[in-house]
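One structure is given below, encoded as structure tokens.
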């Protein structure tokens, strides 16, 4: 689930749809290079994702890294913190 000031988006298909609709560049693709997870004793999971972003209108692909915390909430999770950067 993505939580922000807008209505909550729940479920994998709805989350992907929102990300595509909010995408700043049409036909942008993300290639995930690595995913690392670190489960915590309280049930939260720290996740680090590295990858490459490609868009036809760009000359070169851009690398990205994203670190976020999945917080357990009953039988599901929500993103408690999210830090991302392109380089």
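Summary of values
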{"read-out": "Residue within region 28-48 that is modelled with pLDDT under 90 and in contact with a helix residue (DSSP H, G or I) (Cβ under 6 Å, 6 or more places away or on another chain) present", "value": "no"}
{"read-out": "Number of the condition not met by residue 68 [criteria: (1) touching a strand residue (DSSP E or B) at 6+ places or on another chain (Cβ under 7 Å); (2) surrounded by 10 or more Cβ atoms within 10 Å (Cβ to Cβ); (3) modelled with pLDDT under 80]", "value": "(3)"}
{"read-out": "Among residues of region 37-54, those that are surrounded by 12 or more Cβ atoms within 10 Å (Cβ to Cβ) and part of a loop (DSSP other than H, G, I, E, B), counted", "value": "2"}
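To keep it simple, each residue is scored yes or no on (1) farther than 13 Å from residue 30 by Cα; (2) over 10 Å from the mean Cα position of the chain (by Cα); (3) not in a strand (DSSP E or B).
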site: 56; (1), (2), (3): no, yes, yes
site: 59; (1), (2), (3): yes, yes, yes
site: 64; (1), (2), (3): no, yes, no
site: 67; (1), (2), (3): yes, no, no
site: 71; (1), (2), (3): yes, yes, no
site: 79; (1), (2), (3): yes, no, no
site: 82; (1), (2), (3): yes, no, no
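The values are calculated or read from the model by the stated rules, or taken from the named source; none is laboratory data. Here the structure is a predicted model, which is why all the values come from computation and not from measurement. As a convention, Cβ positions derive from the backbone with ideal geometry for all residues, glycine included, and neighbour counts pool all protein chains shown.
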